[in-house]
Amino acid sequence: MTVRRRKSEPKSKSAADDGAREALRSLPSVGVLLGRPSVKQLVREHGHGAVAEAVRSAVADARRDLLEHRTATVSEQAIRRHLDRAACGSLSAVLNATGVVIHTNLGRAPLAQQAIDAIAQVGGGYSTLEYDLEAGQRGNRAMHAVDLLTALTGAEDALVVNNNAAAMLLALSVWAAGREVIVSRGELIEIGGGFRIPDVLRQSGARLVEVGTTNRTRLADYANALGPETALLLKVHRSNFDMVGFAAEASLAQLSGVARPRDLPLFYDAGSGNLLADLLHPTEAPVSTHLRAGADVVMFSGDKLLGGPQAGIVVGRKRFLSPMREHPLMRALRPDKLCLAALRATLLLLRDAPDEVPVVRMLRLPIADLQERADRLAQEIRSRGYDDARVVEVHGRVGGGAAPSRTLESCAVRLGGRHADELCQALRAGAPPIIARIVDGATLLDLRCVPPAMDAVLFRAVLSALASRDVNALPGK
Ligand SMILES: *Cc1c(COP(=O)(O)O)cnc(C)c1O
């Protein structure tokens, strides 16, 4: 998103240039700013190097502002903001006020406290990552989540790799390299960031045999494509889009009817990988259903609906998983101890107390709770003189390629009366940064994905964004 420039056209270009040059000259220099008592204090706290860099950035911002808005100041607050930013680097925590639960750009699933504790325990010391306590000798890292994954999915066996793309690469490298994989044209998706499933699949050395058309693939299309080179049948969750209207696809159960008699494996990339029967029913069936329908191998992500760390999970029949575990690629794609610790803790919660997994909790959040928090926030904002804050009904989304057409009944605080682009930018520049949404020219803050304990922090950050010069320098709409 870019800042909208609201510069009126100058009568003559050179006169405008002169004006701008003069204004730029009137800005204090970095040296002058570093000599100010308040900035000297910052230098004592943070060191000369960091503060000089923050001052340079603040001056650069002011120069940009001047060219856009005709006025600019270099405030201590701006310098502090640059210092904070530099301290946390480019990867930092934000508040997700978009209402999209599994937001890939914002790090997908937030982890449960139990998963964070497990990471701290395992990561902060030595562990039994590859050590068998009973035998007192080398153990196997691949075993750590197997019991829980098989229990939760009903699968015979399970293995964990880095992410779902890695799971597919491994599965096809082992079972289809140099041979053919039959897949529907309607399922060859792009998953975001410009990555396309067919490109990942081809990296395995498998040849994709595309069947059907974009909107309709019948069982007969798969059957007609079978040949001596066929290694397996693959079905892929369409993930981030739905087909409506004149569309048809073959179900896993139907495909199993084609694959089984010929002793061909049937693999399914389930994308999000839901493990709970009642979560998003009936749009996202749980993984156990896919296995019962006849998939030999099901692959899915650990950080989407499962609500755990980034991981690729493969469940299914032992005879297909064992060779994957032994393949050299497994060594390149294996998960680290932090991932395994968080995954195990998340799986335990899914088994015993699913509502403690943030993704599950947020998806099930009662609308009345959201309404109450939004009412309170809107009222507090209004009490500070921003009269146009009000609560509106909105539709949140699951995200992460799950149930794309399904909306989550939600409500949000709507901040109208000012330029939404500028306000969103000010919210992003805050501490903590807040990521909001713009709908019909107004800024919306959906509280579904904001932990209730952060409501007060959000309120303060919103107030400071509303008060920022950029937002108020512009006429309201
Ligand atoms: C998200 C997704 C992937 C990729 O999973 P990662 O864990 O991000 O590698 C693959 N296939 C489908 C259908 C997806 O939805």
With labels modelled as points extended 7 Å from the Cα through the Cβ direction, what inter-label distance (nm, one decimal) is found for Arg218 paired with Arg428?
-> 4.9 nm
Ranked from highest to lowest mean number of other Cβ atoms within 10 Å per residue, what is the order of the peptides 452-463, 382-393, 296-307?
-> 296-307, 452-463, 382-393
Label-zone membership for the range 414-435, site Arg64, 7 angstrom Cα→C-beta point, backbone N under 16 Å = 421-430
Taking the chain, how many lysine pairs are there with alpha carbons less than 23 Å apart, if each pair must be eight or more places apart or span two chains?
-> 4
PRE reach from Arg376 (point 7 Å along Cα→Cβ): which of the range 90-107 fall under 16 Å by backbone N?
-> none
Here FRET efficiency (C-beta to C-beta, Leu226 to Thr150, R₀ 41 Å, nearest 0.05) is 0.85
Averaged over all viewing directions, the convex hull of the alpha carbons in the range 22-127 casts a projected area in nm² of 10.5 nm²
Taking only the alpha-carbon atoms of the chain, what semi-axes of the equivalent ellipsoid follow from 5 times the gyration tensor eigenvalues under a square root, in whole Å, largest first?
-> 49, 27, 23
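We did not get these values from a lab; they are worked out from the coordinates using the rules stated. None of these values were measured; they are calculated from a predicted model. Please note: Cβ atoms are built from the backbone with ideal geometry, for glycine as well, and neighbour counts cover all protein chains shown.
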